Structures are given as structure tokens and as C-alpha cells.
Amino acid sequence: MTTRLGSIAFFLFSFFSLQAQQSDSSLIVKIRNNMQLAVEQYKLLDANVPEGRMPQNFSEQSGKLVTSNTKWWCAGFFPGTLWYIFEYTKDPAIRALAEKRLKLMEPEKHFKSNHDLGFMMYCSFGNAYRITGDPSYKATIDTSAMSLATRFRPGIQSIQSWDSSKNFSCAVIVDNMMNLELLTWVSNNGGDQLFRDIAVTHANTTIERQFRPNNSAYHVLDYSLAQNKLLRKTTWQGAHDTSAWARGQAWALYGFTMMYRLTRDTRYLDQANKIAAFVLNHGHLPKDGIPFWDFDAKEIPNTFRDASAAAILASALIELSAYVSGSLTSSYLLSAETMLNTLSSETYLAKQGTNGGFLLKHSVGALPLNGEVDVALTYADYYFVEAMLRYLARKG
């Protein structure tokens, strides 16, 4: 009897292991196909974007491609994605496009008008330096960190996101976690220790002030710099002040996972695990892994999904899976696989020659502002490609 039960257990273990391997293999094939698609799509996207401009979004409904100048917060994602595609394919034509677009971005190393230097300069020049080792790229990254550091406000222990306006006195948004990689990386690679100190201080303040008891993040904290006082916890792109804006949760998960990688401070790993638990166990997360644009949108399920949030979450979960063990590792990887499989489906992945040259469809920028709703977005593509490459590396 014992022998028979042992045989059954071995059979079940072998069966489910085989199923998992087949699932892995299927996704890997999809990723390889997606990366070849990315080559053709991004050559098309480059051809569609005028010289001196960067792609911003594309609407299937209107057929309109929107472009930006290099000061737009997501201008660096296009060259960053080109570098990722080159890293995988070694296509010299893609490298030439990436280098051409980098030249446009280089002057923005002196940009100080908001907190988005990390998105703009680290996603672009950070990838370029990592792949090529060109010292001129590192010099640009170092200067960008100096520019970003000027936005640190000691009185509130945070980096100010946007300049004062009629809407906010001193806004600090959860997206800001993503820009800490620029500062911390520069300190870790020969730069001023001050940059790392600023990043750590900002991350610690974020843990203390920006999360609710259920571990979801507020989008915006608004401060008075005159009084060094927190005025309110609110939103700009979410459904309402106390809602869990989906991409905001994704930025938070990614940001604290990244900060753990760069500092090995277990507070950041603990925070990342808490955010992951909130997202993955939420009753409004669809089974296919693509979040609604806000976890608390009153129209659920009759509202928009956000492919960009799924791409960011997938990339973060793949990295986070390497820092945990046991059931958490498998849970995070399985969730990321679900998201990548869905994003690779006809519903979300563009066919060659369509979607203006972008890869993913159906992202949401700022629905309450009626901005970039149900469109292709540059950062959705960036984190989708990053997640796919991370998955291939994770699987060896």
C-alpha cells in the first residue's frame, strides 16, 4: 500500500512538473516571437515619428499617433526599449535607431522641472551604458542624478514631484519611487553618497506616509513647504482619493523591489511583499492578470483594463520572485506568467504593421482627466519587453 501511494505521489509530482515545464516552454516560444515582432514594430514606429520628436501614444480608434518633445516624462522609454530589443537581437539597425534617439535625449540631463529624470534618463542611458559600457553614457547618467537631487526637500524628507500649481502645493507621487534607481545606482557606482542617502530617505518616508493599512498606496501626498506639513492624501489619476489606482500600485511594487536590489535593506523587501499581496489577492484582479485601471473603479467590470500596469507588475514580480523562497517564488512567477501570456494574446498584442508600431494595445494613462485612455503607450511597451527579457533570464 505504501509503495502504491508513493508511486501515485511520484506520478502526480511528475505530471504537474511536466505541465509547468510545458507552460514555461510555451511562454518562452511566445516571448521569442514577440521579440522578433518588436524589431519590425519599432523600426516602423521610428519611421512614423518625425525627427526631433519621441512617440507618446497611439489610438486604434482614431488612428492617430501622438508624439512629444524630449521633456515629456516618458520620452526616454522609446530609446530604452530600442536598447532592450538590441540586447536580445543584436540587430545593428536597431542599435543605430537607439543611438540616434539617445542624442535627442542627452541635453535633458540638466532637466530640473519635475522628478521624472529617472524615467527619462536612466531607462534610456542606463540601458545604453549597461549594454555598451560607453563612458560618455555614464557621464550623462551622473549629471542626471545631480539634476534630480536638486528636487529633494529636506523639510518633508521627500523629492518634490511637480512644481507648485493651482492643484497642488508640493506634490509627492508614488510614481517617484521609480526615479530612485537613478540616484542609488549612481552612488553605488562611484558617485556622491548623497544621492543614495536622498533615495533611501525618500523611500523610508514613502513607507511611513503613503500607504494605507491594507498596503495600497495613495497616489499623491500634498505638502506645505512653508510649514513642512502634510496637507492631504489624494489622487490625480485614480478613481478617488482613497482608491487604489492600478498603475500606482505597480510603480510602488516595482520601486520597492528595485530598492531592495540596490540596498539589500529588508524593509524594502517586506514592503514589496505587502504590496504584492494586496494586488495579487485583490478580488477585482481579473483571472487573466490584467488589472482594471483602478482597483476601486465603480464601473468594474464594465470599465477599461490597463496593459501598462500589467506589464510593470509582471516585470516587478519576476524580479521579486528571485528574492523570496517557497510558495512566494512560485506564486509571483505564476502571476507574472499569466500576465505575460495574456499580454501576448491577440487582445493586447498588435499584429505586425499595425498599432502605429507599438507592441501593446489597451493601456490607460489618466482616465479622470480623459487623457490617453485605451491607447498604446511607450512605457507599456518598455516594461513588457523588460518583463519578457527578465523571464528568459529567470528561466536560464
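The values are calculated or read from the model by the stated rules, or taken from the named source; none is laboratory data. Because the structure is a prediction, the values reported are computed rather than measured. All Cβ positions, glycine included, derive from the backbone under ideal geometry; neighbour counts span all protein chains shown.
Can N189 be described as modelled with pLDDT under 95, of a type outside the set (A, V, I, L, M, F, W, C) and out of contact with any Leu (no Cβ under 9 Å at 6 or more places or on another chain)? Considered against the rule, which asks whether it is modelled with pLDDT under 95, of a type outside the set (A, V, I, L, M, F, W, C) and out of contact with any Leu (no Cβ under 9 Å at 6 or more places or on another chain), N189 comes out as no. Among residues of region 185-207 that are of a type in the set (S, T, Y), those with a Cβ under 6 angstrom from a residue that is surrounded by fewer than 20 Cβ atoms within 10 Å (Cβ to Cβ) and outside any helix (DSSP H, G or I), sequence gap 6+ or separate chain, pair up as T201/Q157; T205/Q157. Among the residues of region 45-59, the ones that are in contact with a helix residue (DSSP H, G or I) (Cβ under 7 Å, 6 or more places away or on another chain) and either without any contact (Cβ under 8 Å) to a residue 60 or more places away in the chain or surrounded by fewer than 17 Cβ atoms within 10 Å (Cβ to Cβ) (or both) come to 2 in all. Counting only residues that are buried (at least 20 other Cβ atoms within 10 Å of the Cβ) and of a type in the set (S, T, N, Q), region 191-234 holds 3 of them.
Of the listed requirements (1) surrounded by 22 or more Cβ atoms within 10 Å (Cβ to Cβ); (2) assigned to a helix (DSSP H, G or I); (3) aliphatic (A, V, I, L, M), L334 misses just one: (1). Evaluating T132 against the criteria (1) over 22 Å from the mean Cα position of the chain (by Cα); (2) among the hydroxyl-bearing types (S, T, Y); (3) within 30 Å of D163 (Cα to Cα) leaves one unmet condition, (3).
Note on region 99-155: residues that are part of a helix (DSSP H, G or I), crowded, with 20+ Cβ neighbours inside 10 Å and either in contact (Cβ under 8 Å) with a residue 60 or more places away in the chain or touching a His at 6+ places or on another chain (Cβ under 8 Å) (or both) total 7. The set of residues in region 161-200 that are touching a Phe, Trp or Tyr at 6+ places or on another chain (Cβ under 8 Å), closer than 22 Å to N228 by Cα and not hydrophobic (A, V, I, L, M, F, W, C) comprises N167, S169, D175.
Residue by residue, here is whether (1) touching an Asp or Glu at 6+ places or on another chain (Cβ under 9 Å); (2) under 15 Å from L117 (Cα atoms) holds:
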| residue | (1), (2) |
| --- | --- |
| T140 | yes, yes |
| M146 | yes, yes |
| S164 | no, no |
| F168 | yes, no |
| M177 | no, yes |
| A199 | yes, yes |
| L221 | no, no |
| Q227 | no, no |
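Residues of region 193-209 being of a type in the set (K, R) and over 17 Å from S147 (Cα atoms), which ones?
R209
Inspect all residues belonging to region 345-356 and state whether any of them is assigned to a loop (DSSP other than H, G, I, E, B) and either in contact with a Pro (Cβ under 9 Å, 6 or more places away or on another chain) or of a type in the set (D, E, K, R) (or both). Looking for residues that are assigned to a loop (DSSP other than H, G, I, E, B) and either in contact with a Pro (Cβ under 9 Å, 6 or more places away or on another chain) or of a type in the set (D, E, K, R) (or both), one finds at least one in region 345-356, hence yes. When restricted to residues that are closer than 26 Å to A98 by Cβ and assigned to a strand (DSSP E or B), region 358-396 contains 7. Among the conditions (1) assigned to a helix (DSSP H, G or I); (2) in contact with a helix residue (DSSP H, G or I) (Cβ under 9 Å, 6 or more places away or on another chain); (3) more than 21 Å from D116 (Cβ to Cβ), E208 misses just one, which is (2). Give the number of residues within region 331-371 that are over 17 Å from the mean Cα position of the chain (by Cα) and of a type in the set (D, E). Within region 331-371, residues that are over 17 Å from the mean Cα position of the chain (by Cα) and of a type in the set (D, E) number 1. Could you tell me whether I94 is crowded, with 20+ Cβ neighbours inside 10 Å, out of contact with any Pro (no Cβ under 8 Å at 6 or more places or on another chain) and free of Cβ contacts under 8 Å to residues at least 60 places away in the same chain? Yes, satisfied. I'd like to know if region 161-173 contains one or more residues that are in a helix (DSSP H, G or I), buried (at least 22 other Cβ atoms within 10 Å of the Cβ) and not aliphatic (A, V, I, L, M). Within region 161-173 (the criterion being in a helix (DSSP H, G or I), buried (at least 22 other Cβ atoms within 10 Å of the Cβ) and not aliphatic (A, V, I, L, M)), the answer is no, since none of the residues qualifies.
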